[in-house]
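Heads up: the structure comes next, in structure tokens.
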Amino acid sequence: MTESTVPLLDPLLERYLSELRIEGGLATNTLESYRRDLLRLQRYLRRHQLSIGDSVSPHRIRSFLSSLKQETLSAASIARLLSAMRGWYRFLVRENLVEINPLRDMTTVRRPVRLPRTLTHQEVTALLELPVRDRAENQRDCVMLELLYAAGLRVSELIGLTLSQIDVNLGCVRVVGKGAKERVVPIGQTAGKMLTDYLEHVRPGLLKGRTSRVLFISRRGRGLTRQAFWKLLLQRARRAGISKPISPHMLRHSFATHLLEGGADLRAVQSMLGHADIATTQIYTHVESSRLRHIHRRYFPRQLGRRRIRIENSVKRP
């Protein structure tokens, strides 16, 4: 049987992914990443006349990982692939389909600390305070951006919001995040006022008598896609004079960074972001530390370069 006639994904893998979705509550994007990673492993094993459910040696796994270097995968991608493989082989051992997990004694690839890219306070202000145009879609977009920043939402959380998740009277939003975990996040007075105006005056005009449980809708009465929101963000960023590359997640990063800059408690930021592990939130303390080091190097009077200049000037004096 040629590889082209074999089902795209082994039925056993489909069963495993279905279990992760139902019992593990993993987000759709995470599941799709695991699917791609395990499909990559499946193809490699088939080239060596092995099935994805067969017992394999640690040497075979190391050979597979070595082959990835030729594909120029990033350290983050390899680390995620390793995570998917670890879960897969734990599943096979648990189901008594293999005896030994080939990754049991393999050390985890350390991912380099990569600081999240953020917007400055001035850039956020320029983006959120663009003049509001008359079109209903433009007014909707203003509210979406304000809420994205005010609550530190992921773009998938934003476009998936329903009417029942918003409480403008209490000034909060109930978010369903990764792993179907819920959190309640305050949204502030500005976002609350804009939401109220959107619900009373803008959304009814977009619906045109139709009904929808989705909060932010298009003129067709449907929710927006991630791609559509990304496009409108890029357009508004250009209008605001922001030249750096921008993404929806940068507003979430900026939300966390700006809170910590203002003295917010790390645990409180963790709760608002919906991070299961506070180590994930601590990356934003690195951002703040990096900013402070930059300020120190720039303004502290006893920097080496400034001292050298002063010494050279004093030597030149007669």
Test for Gly223: is it modelled with pLDDT under 90, within 26 Å of Asp141 (Cβ to Cβ) and surrounded by 13 or more Cβ atoms within 10 Å (Cβ to Cβ): no
Region 252-269 residues that are in the same structural domain as Gly177 (by TED's automatic domain parsing) and surrounded by fewer than 18 Cβ atoms within 10 Å (Cβ to Cβ), paired with ones that are among the small types (Gly, Ala, Ser) and not in a helix (DSSP H, G or I) (beta carbon under 9 Å, 6 or more apart): none
Elements of type helices (runs of 4 or more DSSP H) contained in region 202-262, each with 1 or more residues being of a type in the set (S, T, N, Q) and touching a Lys or Arg at 6+ places or on another chain (Cβ under 9 Å): 248-261
Close pairs (8 angstrom Cβ cut-off, 6 or more residues apart or separate chains): farther than 24 Å from Ser156 by Cα in region 274-296, modelled with pLDDT of 80 or more and among the charged types (D, E, K, R) anywhere: Glu288/Glu261; Arg291/Glu261
Residues satisfying the stated conditions in region 122-137, i.e. assigned to a helix (DSSP H, G or I), within 15 Å of Leu206 (Cβ to Cβ) and not hydrophobic (A, V, I, L, M, F, W, C): Glu137
Among (1) closer than 20 Å to Asp10 by Cβ; (2) in the same structural domain as Asp10 (by TED's automatic domain parsing); (3) more than 19 Å from the chain's Cα centre (by Cα) - the single one Leu103 does not satisfy: (2)
Qualifying positions in region 161-211 - crowded, with 17+ Cβ neighbours inside 10 Å and polar (S, T, N, Q): Gln165
Leu115, sole failed condition from (1) assigned to a helix (DSSP H, G or I); (2) outside the structural domain of Ala237 (by TED's automatic domain parsing): (1)
Condition met for Glu146 (within 25 Å of Ala256 (Cα to Cα), modelled with pLDDT of 95 or more, surrounded by 12 or more Cβ atoms within 10 Å (Cβ to Cβ) and of a type in the set (D, E, K, R)): yes
Condition met for Gln70 (part of a helix (DSSP H, G or I) and surrounded by fewer than 16 Cβ atoms within 10 Å (Cβ to Cβ)): yes
Residue identified as crowded, with 17+ Cβ neighbours inside 10 Å, of a type in the set (Gly, Ala, Ser), within 27 Å of the chain's Cα centre (by Cα) and not assigned by TED's automatic domain parsing to the domain that holds Lys178 among Ala84, Ala76: Ala84
Test set (1) under 26 Å from Tyr284 (Cα atoms); (2) over 21 Å from the mean Cα position of the chain (by Cα); (3) of a type in the set (Asp, Glu) - Glu146 fails condition number: (2)
Qualifying residue in region 235-245 (condition: surrounded by 15 or more Cβ atoms within 10 Å (Cβ to Cβ), closer than 30 Å to Ile278 by Cβ and either at pLDDT 90 or above or touching a strand residue (DSSP E or B) at 6+ places or on another chain (Cβ under 8 Å) (or both)): no
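The values are calculated or read from the model by the stated rules, or taken from the named source; none is laboratory data. This structure is a prediction, so every number in the text was calculated from the model and none was measured. Don't worry about glycine lacking a Cβ; one is built from the backbone with ideal geometry, like all the others, and counts go over all protein chains shown.
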